[in-house]
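So the structure is just underneath, and the comments pick up after that.
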Amino acid sequence: MNREKMELETVRFLKILFSLKEVEKVEIKEHVIASPEDTENIRKAVSDSYHDHLSDVDMKIWVKLNPVDFSMKTPVYKAYFPRLQISDEIFGIIFQERDPAENREGLRICMKSGFRMDLSFYLQCDENADRLPEGDWWEREHGRENDACEGVHENAVKRNGNVCLAQEKADSFWFIAVQALTKLLRRDYLIADHLSHMLLMEGLVLQMEERDKKYGTNFHRYGYAEELAYRTVSLAGYEKYLQGGDENYRYIAANLIRAAVSYDRLASEADNHYVIRKENFFEIWAAAIHRIETVEIVGDLE
């Protein structure tokens with residue numbers, strides 16, 4: 001993602017934020033943004049944020065909430081996520097619980113376009129603030145009760161009226177996958193390898209859960225010489241993602257491919273409401289490779 005695209009995406013999200021009556025102030029890289037039309041400060045903020053095409057945007061957002069909303073289960077914008085108007089654009093997301101010392105909550109987001117934001121919400125309790133619209137409450141909007149959820153694996157959750165396989169875990173998996181990719185392309189092999197192994201372990205967790213379901217117990221004195229799903233992934237067709245690096249690069253890239261492909265397969269087998277995401281992931285990866293090949297910025301990577 002180039003600087004111009006980052007600025008466009010930032011402005012688009014700022015327009016959403018400033019449309020919310022509870023938002024008091026927005027700051028990016030110590031630049032206070034007065035409005036989505038505050039072009040000068042937005043450009044300064046994006047310039048300070050942009051180190052390369054893999055950079056994200058860190059936003060601090062100050063919010064005033066009615067005591068009832070302020071006291072609800074955190075994070076607030078997990079429950080009221082539809083207010084951010086980006087539900088259909090999410091590729092991966094991690095929610096961070098409230099830090100009581102600062103009344104700060106976090107959302108780390110990767111969009112389907114590859115644009116990433118690290119949002120910190122600083123919450124203030126104000127008895128004069130209006131309640132957030134009840135219709136924006138996630139579980140009310142999509143239905144707290146759903147007969148289709150009966151008898152589903154205990155890790156399943158509801159989204160958009162459907163039963164989804166551990167949707168929150170899947171959202172986290174794909175956010176971390178893009179993190180691992182970013183670290184790999186920046187040649188931070190230590191963190192990239194650490195994250196790629198975390199992803200492989202998530203696939204193993206899915207296999208263990210499926211085994212528990214198959215045998216009706218989570219106690220297994222002996223194993224069953226199970227096949228490791230990630231080791232069955234063929235790298236044929238993924239050769240371009242293994243090029244352009246040294247032996248360590250290729251090793252980590254191969255594990256990242258295996259993790260992504262096997263997780264998608266395991267998750268979709270466990271729940272037919274799970275939405276395949278590996279194609280989007282490899283689109284993000286291919287775009288990053290193209291950017292490296294067409295703009296000589298590798299030496300400028302953090």
Task: Under 5 Å, built H, 5+ apart or other chain: amide partners of Val57 - done: Arg116, Met117, Asp118
Open item on the list: Which residue fluctuates most in the GNM of the chain (Cα springs below 10 Å): Gly92, Gly244, Gly216?
Closed with: Gly216
TODO: Take the cross-link list Lys5/Lys278; Lys64/Lys183; Lys44/Lys278; Lys44/Lys240 and give me the ones stretching past 25 Å between alpha-carbons.
DONE: Lys64/Lys183; Lys44/Lys278; Lys44/Lys240
Open item on the list: If I model a spin label at Asn2 and Glu269 as a point 7 Å from the Cα along the Cα→Cβ vector, what separation in nanometres do I get?
Closed with: 4.3 nm
Open item on the list: Students often forget the sequence filter, so: which aspartates and glutamates lie under 14 Å Cα-Cα from Lys169 once same-chain residues fewer than 8 apart are removed?
Closed with: Glu154, Glu202, Glu209, Asp264, Asp271
Task: Length released on extending from Glu210 to Glu97, taking residue separation times 0.36 nm less the Cα-Cα span - done: 37.8 nm
Open item on the list: Just to verify a number: FRET efficiency for Lys240 and Lys25, C-beta to C-beta distance, R0 = 35 Å, to 0.05?
Closed with: 0.20
TODO: For the chain, just say rounded, prolate or oblate: build the C-alpha gyration tensor, square-root its eigenvalues into a ≥ b ≥ c, call rounded for a/c under 1.5, and beyond that prolate if a/b exceeds b/c, oblate if not.
DONE: oblate
Task: For the chain, with +1 on Lys and Arg beta carbons and -1 on Asp and Glu, the positive-most of Tyr238, Val275, Ile94 along the dipole - done: Tyr238
- [ ] Sort out for me the Cα centre separation of the stretch 244-267 from the stretch 17-78, rounded to whole Å.
- [x] 34 Å
Open item on the list: Could you sort the peptides 218-231, 119-132, 263-276 by per-residue average Cβ neighbour count (10 Å cutoff), highest mean leading?
Closed with: 263-276, 119-132, 218-231
TODO: May I ask you to derive the relative contact order of the chain, considering only C-alpha pairs under 8 Å and at least 6 residues apart, and to give it as an integer percent?
DONE: 16 percent
TODO: Among Met198, Met208, Met59, determine the one that fluctuates most according to a GNM of the chain built with springs between C-alpha atoms less than 10 Å apart.
DONE: Met208
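Only the coordinates and a few stated rules stand behind these numbers; no lab work does. Keep in mind that what you see is a predicted model, and the values were worked out from it rather than measured. Positions of Cβ are generated from backbone atoms using ideal geometry, with glycine treated the same way; all protein chains shown enter the neighbour counts.
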